[in-house]
Every structure is written in structure tokens, then in C-alpha cells.
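Visitor: Right, I'll just put the structure down here and ask away after.
Each value in this text was obtained by applying a stated rule to the coordinates, not by laboratory testing. Remember, predicted model here, so these are calculated numbers, not experimental data. Cβ placement follows ideal geometry from the backbone for every residue including glycine, while neighbour counts extend to all protein chains displayed.
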Amino acid sequence: MNRNQYKKIKVRTWYLSFSKTKIELAGHHELELWNKPTTRAYLKLYKAVGEKWGWTGRLLIDELQLSLIIHSNLNEIWLYKIDNELKGYFEIDYSSEGKAEIVYLGLLPEEIGKGFGKDFLNAAISTAARRGDKVWLHTCEFDHPKALELYQNAGFQIDNESVEEEYYSYAFLKKKNNNI
């Protein structure tokens with residue numbers, strides 16, 4: 001990882017927790033626990049899903065650190081499929097006692113706008129809630145424009161809001177600036 005490819009900028013971030021007790025699952029999807037992916041395969045999917053949104057968290061750590069995270073028994077990576085075709089993935093961190101953080105959640109770019117969002121999010125919440133009393137996640141101003149609304153409609157409530165410095169690639173920032 002070359003940090004010269006990234007710039008630290010101020011980003012508005014919301015921290016949300018799930019407040020509903022019952023989740024409606026459509027049942028049209030398939031979830032597959034991705035056991036022990038290689039770091040290369042993981043990063044390929046991470047980039048495919050997150051590049052459009054400027055995800056950098058997993059790109060800014062070295063391969064050993066990434067491997068320790070994705071292979072930890074406190075971390076789960078779930079592939080979201082319909083008719084055995086990959087649509088996206090979510091990753092859950094159970095490292096905080098009684099809490100389950102949906103760390104990453106995203107559809108492949110070509111699957112966005114096809115109506116999978118609600119079912120996908122509900123599948124992630126239901127899966128996370130199996131091992132955590134409190135399910136939470138965070139989103140920022142650079143995520144999908146409807147992400148915050150989707151989370152709130154699903155039953156998440158904003159616990160905190162902050163402006164923090166985060167790394168984004170120069171290429172991502174250039175694309176964002178050209179779209180403004």
C-alpha cells in the first residue's frame with residue numbers, strides 16, 4: 001500500500017444502532033459464510049464493491065494484518081447470492097462483547113438499483129443479531145446517497161454523528177469533485 005495515493009480529508013460519519021426486535025426476511029436470497037478467503041480474493045471483492053464509495057480501510061493495512069482480521073473467529077464474511085449468483089457481501093465484527101458491528105455491507109455496482117437493498121440489509125442484521133445483543137454500523141457522506149435513509153427505514157437509529165479525518169484515494173476524490 002502506497003499512502004501517497006491517499007489523502008486524509010474531513011468526512012461526516014453517522015453511527016447507528018438497530019432498534020427493532022423483529023426483522024422481515026424475504027427469503028429470496030442465499031447466504032454463504034466465506035471461510036478463510038485468501039487476502040487477494042478478499043481484496044478483489046472489497047474493491048469491486050467498495051471502490052465506487054471510496055472504501056480504503058482494508059487497503060491501508062498490510063497483508064498480515066488483513067489476514068489476521070478476516071481469519072479471526074470474531075469476524076465473519078458473508079456472501080449474498082440470488083440464484084447462486086453473487087450480488088454483494090457483508091462483514092461482521094464480534095470483537096466487542098455483546099455487540100455486532102456490520103463493518104462492511106455492499107452490493108456489486110451492477111446490482112445496485114435492482115431492489116435488493118432492503119432484503120440484503122435485513123439478511124445482514126439477522127445474521128449479526130445471532131451473536132450480538134446490539135447490532136450497529138456506521139455510514140458516511142460518501143456512501144450511497146440513500147444509505148442513511150435505508151438504515152433508518154430498517155430500524156436503525158443514529159446514536160452519534162461526527163466529522164472525522166479519513167483516508168480517501170486521490171482517484172476517488174477526483175471522481176467525486178468532477179461529479180459535483
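Visitor: Please give the contour-minus-distance gain from residue 81 to residue 144: 0.36 nm per residue of separation, less the Cα-Cα distance, rounded to one decimal in nm. Please list the in-between numbers first.
Guide: On the way: separation 63, 0.36 × 63 = 22.68 nm, distance 2.03 nm.
Separation in residues times 0.36 nm, less the Cα-Cα distance, equals 20.7 nm.
Visitor: So, one more: Taking 30 Å as R0, compute the FRET efficiency from the Cβ-Cβ separation of residue 74 and residue 161 and round it to 0.05.
Guide: Numbers: r = 27 Å, r/R0 = 0.89.
For R0 = 30 Å, the calculated efficiency reads 0.65.
Visitor: Where in the chain lies the longest segment free of trypsin sites (Lys or Arg not before Pro) that are both loop residues by DSSP (not H, G, I, E, B) and have at most 14 other Cβ atoms within 10 Å?
Guide: Working: sites that count: 20, 22, 114, 130, 131, 146.
Value returned for the longest uninterrupted segment is 23-113.
Visitor: Right, another one. Just want the answer: with Cβ charges of +1 for Lys and Arg and -1 for Asp and Glu, which residue in 86, 177, 65 is farthest toward the dipole's positive end in region 3-179?
Guide: Positive-most Cα among the choices belongs to 177.
Visitor: Something else: More than 22 Å apart: what percent of Cα pairs in region 3-179 qualify? Spell out each step's value before the answer.
Guide: Working: 7059 of 15576 pairs.
That tail contains 45 percent of the Cα-Cα pairs.
Visitor: Shifting gears a bit: Would you pull out the residues with amide H under 5 Å of residue 75's amide H, same chain only if 5 or more places away, H placed 1.01 Å from N?
Guide: The answer is 94.
Visitor: Sticking with this structure for a sec: Could you work out how much longer the chain between residue 170 and residue 17 gets when fully extended? Use 0.36 nm per residue separation minus the Cα distance between them, nm to one decimal.
Guide: Details: separation 153, 0.36 × 153 = 55.08 nm, distance 3.12 nm.
Fully extending the segment from residue 170 to residue 17 adds 52.0 nm.
Visitor: Calculated FRET efficiency, residue 177 and residue 110, Cβ-Cβ r, R0 22 Å, to nearest 0.05? Display every interim value, and only then the final one.
Guide: Values: r = 24 Å, r/R0 = 1.11.
For R0 = 22 Å, the calculated efficiency reads 0.35.
Visitor: State the extension gain, in nm to one decimal, for the chain segment bounded by residue 10 and residue 134, taking 0.36 nm per residue of separation less the distance between their alpha-carbons.
Guide: Details: separation 124, 0.36 × 124 = 44.64 nm, distance 2.78 nm.
Working it through step by step, the gained length comes to 41.9 nm.
Visitor: What are the ³J(HN,Hα) values, in whole Hz, obtained from phi via the Karplus relation 6.51 cos²θ - 1.76 cosθ + 1.60 with θ = phi - 60°, for each residue of region 41-52 in sequence order, with x given for Gly and Pro?
Guide: So the J values, rounded to whole Hz, are 5, 4, 5, 4, 5, 4, 5, 4, 7, x, 4, 4.
Visitor: To the nearest 20 Debye, how big is the dipole of region 1-132 about its Cα centre, given +1 on the beta carbon of each Lys and Arg and -1 on that of each Asp and Glu? Kindly include the intermediate steps, with their values, before the conclusion.
Guide: Details: 20 positive and 16 negative charges, 120 e Å.
Once rounded to the nearest 20, the dipole reads 580 debye.
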